[in-house]
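What follows is a single structure, written as structure tokens, with notes after it.
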Amino acid sequence: MREKELIVYKEFSGEEGKLLYDMAWLMTHYREEAKRKKATLLCYSCMHRLFEMAENHGFYGNLWHCYLSNLLVNNENGYSRACEIRGEVGGTINRAVLHDIVIFKEFFDFDFSEMARALNLEALDLITGYEGSDSESKVYNSRIRDRICRLAVKFTKDHMPEEMKDTLTEFYRDYGVGKFGLHKAFRVVHGDSGVEIVPIRNIAHVHLDDLVGYEIPKKKLVENTLAFVEGRKANNCLLFGDAGTGKSSSIKGIANEYYEKGLRIIEMYKHQFQDLNEVITQIKNRNYKFIIYMDDLSFEDFEIEYKYLKAVIEGGLEKKPENVLIYATSNRRHLVREKFSDKEERRDDLHAGDTVQEKLSLVSRFGVTIFFAAPDKKEFQNIVRVLAQRYKVTMPEEELLAEANKWELAHGGLSGRCAQQFIDYLLGTGKQNR
């Protein structure tokens, strides 16, 4: 096999990369009598790793083909990054990629039956017709998992390397490449190599329609987000208001709604604001739209992290990239806490107006502010009715609303979150059917 001759698809790191080179050694040396024992043991090891991959990723069918497909869709190189979202590109790079695809097609077309006979391994056919378990993938959601499995099948139907290259390019155009292509939400961590953006494997499947009411706030959020993903001018956005009114759920909703249009969400906390510039550096040249999401954002008067945020949003020498916006949620309209004692202190402040402006300047950098108000009693009861219908709660309406009123008095007051918790309580205790 010619794995050492790869040009563009060269860097396969970690255990997944090692598996490719181990399989290539097997395919080259399994016929040699002197290496028969080593080949047999290595073959069992490779099978084990393919099975582990199948359980972790949720793959099914031909595991060898799924493994190769997974390598290709995760390999971030000059060609794959150029193709993401935009599709086919021109230039000499295409010849180099076609050279690599010829080699990968040799891997895809390898017939394991002869290896199974030579090594006396009847179990080897288990990797070519694997039936997955019902357990969920630990790496991908089911939709992405299925796309990769279908891609593996499509590759086998491509008779020429040129066809296989076209199929791969189409995948990059439709779904992207690597972690940003295959995942919709991320968090920031400090790893061995510094600041890392890592995928959130299982984001809640919340949709905007799941949030009952709040049509005007949702409309403003959708208008701004849609302008952003379509390449038009859009603003940083602050969602503020009472607790439990759906601010965070709305952000999750747009993450799910506009993923197919290239939108990605990166969650950050205020203690990470010093890493903002590094995060933006890593994403500014990608062909996706990124929302940096800050949940429950607020600052005490002694906290100064908001100054990092101010500088990044608007005010530094470097222009904020066109593919990055900042969305934040908060229970506070002005984000930075102010106390009555502040007014006393301002009497001794020679430039009291400057002090006030310093605390308000962060909010002014959010071009769109959206208010989420707590529902009144009538709106709360309507939310309960809609949720009860959605979850098939058959309790008589009069009893349902009476129980909901008792619940909200003891559990935080009128809010959409409180209504959802009440319905969850009914479902959990089996009291929903009366």
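The values are calculated or read from the model by the stated rules, or taken from the named source; none is laboratory data. All values derive from a computational prediction rather than experimental measurement. All Cβ positions, glycine included, derive from the backbone under ideal geometry; neighbour counts span all protein chains shown. With ligands, DNA and RNA removed, areas are computed over all heavy atoms of the protein, side chains included. Shrake-Rupley method; radii C 1.70, N 1.55, O 1.52, S 1.80 Å.
Using only DSSP helix segments of four residues or longer, with each worth -39500 (n - 2.57), what per-residue ellipticity at 222 nm results for the chain after dividing by its residue count and rounding to 500?
Result for the chain, helices only: -16000 deg cm²/dmol.
Average projected area of the Cα convex hull of the chain, in nm²?
With every direction weighted equally, the projected area is 27.7 nm².
Mind listing the long-range amide H neighbours of Tyr130? Cut-off is under 5 Å, sequence gap 5 or more, other chains count too, H placed in the peptide plane at 1.01 Å from N.
Excluding prolines and chain starts, which carry no amide H, the hits are Gly61, Asn62, Leu63.
Mean-square fluctuation check for the chain, GNM, Cα pairs under 10 Å: which of Glu215, Glu33, Glu52 is largest?
Answer for the Gaussian network model of the chain: Glu33.
How long are the three semi-axes of the equivalent ellipsoid of region 187-316, in whole Å, if each is the root of 5 times an eigenvalue of the C-alpha gyration tensor, listed from largest down?
The equivalent ellipsoid of region 187-316 has semi-axes of 24, 19, 15 Å.
Could you work out the local net charge near Gly87, counting Lys and Arg as +1, Asp and Glu as -1, over the other residues with Cβ closer than 13 Å to its Cβ?
Spelling it out: positives minus negatives among the neighbours equals -1.
Find, to one decimal place in angstroms, the Kirkwood hydrodynamic radius of region 1-92, where the mean of 1/r is taken over every pair of different Cα atoms and then inverted.
This gives a value of 15.0 Å.
Roughly how much of Tyr327 is accessible, in Å² to the nearest 10, using a 1.4 Å probe?
Surface accessible to solvent at Tyr327 totals approximately 0 Å².
Quick one: which residues, 5+ away or cross-chain, put their amide H under 5 Å from the amide H of Lys289? H built at 1.01 Å from N.
Leu263, Arg264
Please name whichever of Gly61, Trp25, Ser113 sits farthest to the positive end of the charge dipole of region 24-116, dipole taken about the Cα centre and charges placed at Cβ: Lys and Arg +1, Asp and Glu -1.
Comparing the listed Cα positions along the dipole, Trp25 ranks first.
At a 1.4 Å probe radius, carbon and sulfur cover how many percent of the accessible area of region 106-158?
Exposed carbon and sulfur together represent 46 percent of the surface.
Among Ile7, Ile144, Ile203, what's the order by accessible area (1.4 angstrom probe), most exposed first?
Reading off the accessible areas and sorting them downward yields Ile7, Ile203, Ile144.
Given a cut-off of 28 Å, name the pairs among Lys154/Lys284; Lys10/Lys284; Lys105/Lys184 whose C-alpha atoms lie farther apart than that in the structure shown.
Beyond 28 Å between Cα atoms: Lys154/Lys284; Lys105/Lys184.
Which residue, Val384, Val229, Val73, tops the fluctuation ranking in a GNM of the chain built on C-alpha contacts under 10 Å?
Val384
Tell me, what % of the accessible area of region 175-214 is carbon and sulfur with a 1.4 angstrom probe?
Here carbon and sulfur together make up 49 percent of the probe-accessible area.
How much accessible area per residue does the chain have, counting only protein heavy atoms and a probe of 1.4 Å, in square angstrom?
51
Let me check something: with ligands and nucleic acids excluded, how do Lys18, Lys392 order by accessible area (1.4 Å probe), largest to smallest?
Lys392, Lys18
Between region 360-391 and region 239-304, what's the alpha-carbon centroid distance in Å?
19
When Lys and Arg each count +1 and Asp and Glu each count -1, what net charge do the other residues less than 10 Å away from Thr225, Cβ to Cβ, add up to?
Value of the local net charge: 0.
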